[in-house]
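First comes the structure, then the notes that go with it.
The values are calculated or read from the model by the stated rules, or taken from the named source; none is laboratory data. Since we're looking at a predicted model, the values are computed, not measured. Heads up, the Cβs are rebuilt from the backbone with ideal geometry, glycines too, and the neighbour counts pull from every protein chain shown.
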Amino acid sequence: MGLILVVTLALVALAFLCHPTLRSVAFTAWVFTFVAAAMVWPAGFMTWFGFDLKFLIVPLIQIIMFGMGTTLSAADFTRVLAMPGPVVVGIVLQYTVMPFVGFGLAAAFRFEPEVAAGVILIGSAPGGVASNVINYLARCNVPLSVTMTAISTLISPVMTPLMMKLLAGRHVEISFVKMMLDICNMIIVPVVAGLVANRVLYGRERPFQRASVLIGILLASLAVAAGVWLVPAPLLGALQGGLILGFALVGVAVLAKLVVVILLRGPKNWMDRALPVLSMAAICFIIAIITARSADDLKRVGAALLAAAMLHNLLGYCLGYWGARALRLNVVDARTVAVEVGMQNGGMASGLAMYTLNSAKAALAAAIFGPWQNVSGSILASWWRRRPALPSPGLAPSPATAALPVQAPSTKPDCLP
């Protein structure tokens with residue numbers, strides 16, 4: 001019976017993936033497939049040949065965040081100078097609305113301590129890159145969205161531990177310094193590596209189009225990764241793993257460009273095609289690993305967690321939008337902020353729950369919130385796309401945001417957290 005269920009869900013997910021309208025919810029269908037598989041065969045997602053699969057969670061998240069970095073550029077961080085008002089409003093709402101709503105929902109549902117900490121953790125995470133795609137589909141301010149994602153991620157090593165210490169410290173023990181270093185290792189280092197890879201992959205300068213230069217960068221990246229590997233662990237501490245994987249991934253990306261673009265004359269946007277598939281597979285596998293370790297807990301609190309996730313997400317959209325409007329942002333920017341506030345980086349929250357808090361129970365909230373936000377975000381984008389924002393009387397767009405073009409993100413990661 002379990003095999004039939006898993007196969008049926010997999011076929012449905014494949015059908016969604018091939019359907020132009022249902023493609024946006026294919027990720028959620030795959031999540032259901034992997035969750036069902038983990039519930040039916042939990043041992044298959046616990047250990048392989050004596051290796052505990054939970055140790056794959058952090059490297060998988062680092063790969064996803066490296067992919068996120070390849071979609072960003074330095075301009076996405078410096079653009080805040082051109083539109084400081086909307087960005088500051090969005091970031092303040094991001095790190096106040098979602099953590100406090102998570103805290104309130106955890107208390108209202110009376111979750112046990114570790115589950116409650118997980119609900120607060122997903123609220124304390126920065127925005128996810130999927131929000132950029134949702135804002136593009138909703139015809140919102142994509143540059144503002146990308147900049148908010150970049151800045152909220154950049155400051156997450158301080159803000160996420162701070163909010164967790166303040167709001168979740170009563171539920172579980174929170175080490176500010178450890179969580180800060182873990183976020184740097186898991187998120188910041190791979191994103192920075194992705195920024196470097198973005199420069200090499202998409203840079204128009206002639207040296208980046210020459211095989212000899214790419215081979216040099218490849219060898220240098222792998223040499224640095226090997227050198228970091230040999231450095232005594234106490235010297236680099238928690239950052240060692242991220243640095244090794246980051247430099248190695250830069251080398252892999254350069255090698256792929258060398259083979260696909262230079263030697264085979266293939267498409268230059270190969271990364272845009274590969275990343276969504278890789279990210280979807282990684283997140284589904286992470287959720288399956290979490291589910292296998294918390295199957296009994298999921299049966300017991302799964303319905304309540306789903307309700308909490310839906311409320312958390314909905315209140316994020318509503319309070320993000322009306323908070324932005326109350327602070328005098330125009331309708332388009334307020335919609336952009338609403339999406340950024342309501343959609344969180346579920347992958348990061350999952351990794352911190354498993355690696356920093358060492359709790360599969362705490363990871364359940366992120367595992368449920370992540371897929372749901374993709375469904376709700378797609379619905380919201382369709383709704384707003386059919387109802388273009390009208391100019392607000394007395395509230396003209398700020399010169400900075402009005403001058404910025406609304407363009408598609410460099411990738412379309414429908415499946416990212």
> Is it the case that region 255-277 has a residue that's closer than 25 Å to Pro161 by Cβ, under 20 Å from the mean Cα position of the chain (by Cα) and surrounded by fewer than 24 Cβ atoms within 10 Å (Cβ to Cβ)?
Replying inline: no
>> Checking the condition assigned to a loop (DSSP other than H, G, I, E, B), free of Cβ contacts under 8 Å to residues at least 40 places away in the same chain and farther than 19 Å from Thr78 by Cβ, which residue from Arg139, Arg110 passes?
In response: Arg110
> Is it the case that region 181-195 has a residue that's at pLDDT below 90 and surrounded by fewer than 16 Cβ atoms within 10 Å (Cβ to Cβ)?
Replying inline: no
> How many residues are among the polar types (S, T, N, Q) and over 16 Å from the mean Cα position of the chain (by Cα) when one looks only at region 180-198?
Replying inline: 1
> Does region 286-308 hold any residues that are closer than 12 Å to Ser350 by Cα and not hydroxyl-bearing (Ser, Thr, Tyr), and which are they?
Replying inline: Ile286, Ile287, Ala288, Ile289, Ile290
>> Out of the residues in region 334-347 meeting the condition of being part of a helix (DSSP H, G or I) and among the hydrophobic types (A, V, I, L, M, F, W, C), tell me which one is surrounded by the fewest Cβ atoms within 10 Å (Cβ to Cβ).
In response: Ala334
> Residue check: is Gly241 more than 15 Å from Ile262 (Cα to Cα), out of contact with any helix residue (DSSP H, G or I) (no Cβ under 7 Å at 6 or more places or on another chain) and part of a helix (DSSP H, G or I)?
Replying inline: no
> Do any helices (runs of 4 or more DSSP H) entirely within region 1-80 hold 2 or more residues that are closer than 20 Å to Ile283 by Cβ, and if so, which?
Replying inline: 2-18, 26-40, 57-70
> Looking at region 86-104, is at least one residue within 17 Å of Met186 (Cα to Cα), touching a residue at least 40 places away in the same chain (Cβ under 8 Å) and touching a Leu at 6+ places or on another chain (Cβ under 7 Å)?
Replying inline: no
> Can you name the residue in region 210-242 that is surrounded by 16 or more Cβ atoms within 10 Å (Cβ to Cβ) and under 24 Å from Met179 (Cβ atoms) and, of all such residues, is farthest from the chain's Cα centre (by Cα)?
Replying inline: Val228
> What number of residues within region 100-138 satisfy the criterion of being crowded, with 24+ Cβ neighbours inside 10 Å and over 17 Å from Ala307 (Cα atoms)?
Replying inline: 13
> Any idea which of Leu22, Leu5 is surrounded by fewer than 18 Cβ atoms within 10 Å (Cβ to Cβ) and over 24 Å from Leu380 (Cα atoms)?
Replying inline: Leu5
>> Give me the residue from region 25-54 that is surrounded by 14 or more Cβ atoms within 10 Å (Cβ to Cβ) and small (Gly, Ala, Ser) and, out of that set, nearest to Phe369 (Cα to Cα).
In response: Ala29
> Of the residues in region 66-94, how many are among the hydroxyl-bearing types (Ser, Thr, Tyr) and buried (at least 23 other Cβ atoms within 10 Å of the Cβ)?
Replying inline: 2
> Mind checking whether some residue in region 279-299 is in a helix (DSSP H, G or I), touching a Cys at 6+ places or on another chain (Cβ under 6 Å), in contact (Cβ under 8 Å) with a residue 60 or more places away in the chain and not hydrophobic (A, V, I, L, M, F, W, C)?
Replying inline: yes
> Looking at region 309-333, which of its residues are under 21 Å from the mean Cα position of the chain (by Cα), hydrophobic (A, V, I, L, M, F, W, C) and surrounded by 24 or more Cβ atoms within 10 Å (Cβ to Cβ)?
Replying inline: Ala309
> Which one of Val213, Val172, Val177, Val224 is modelled with pLDDT under 90 and β-branched (Val, Ile, Thr)?
Replying inline: Val213
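Is there a residue in region 247-262 that is closer than 30 Å to Ala38 by Cα and touching a helix residue (DSSP H, G or I) at 6+ places or on another chain (Cβ under 8 Å)? Lay out the reasoning, then the answer.
Residues of region 247-262 closer than 30 Å to Ala38 by Cα: 249.
After this cut, where a residue has to be touching a helix residue (DSSP H, G or I) at 6+ places or on another chain (Cβ under 8 Å) as well, the list is 249.
Yes, there is a match, as at least one residue in region 247-262 is closer than 30 Å to Ala38 by Cα and touching a helix residue (DSSP H, G or I) at 6+ places or on another chain (Cβ under 8 Å).
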> Within region 167-190, can you find the residues that are farther than 22 Å from Phe55 by Cβ, assigned to a helix (DSSP H, G or I) and in contact (Cβ under 8 Å) with a residue 60 or more places away in the chain?
Replying inline: Leu167
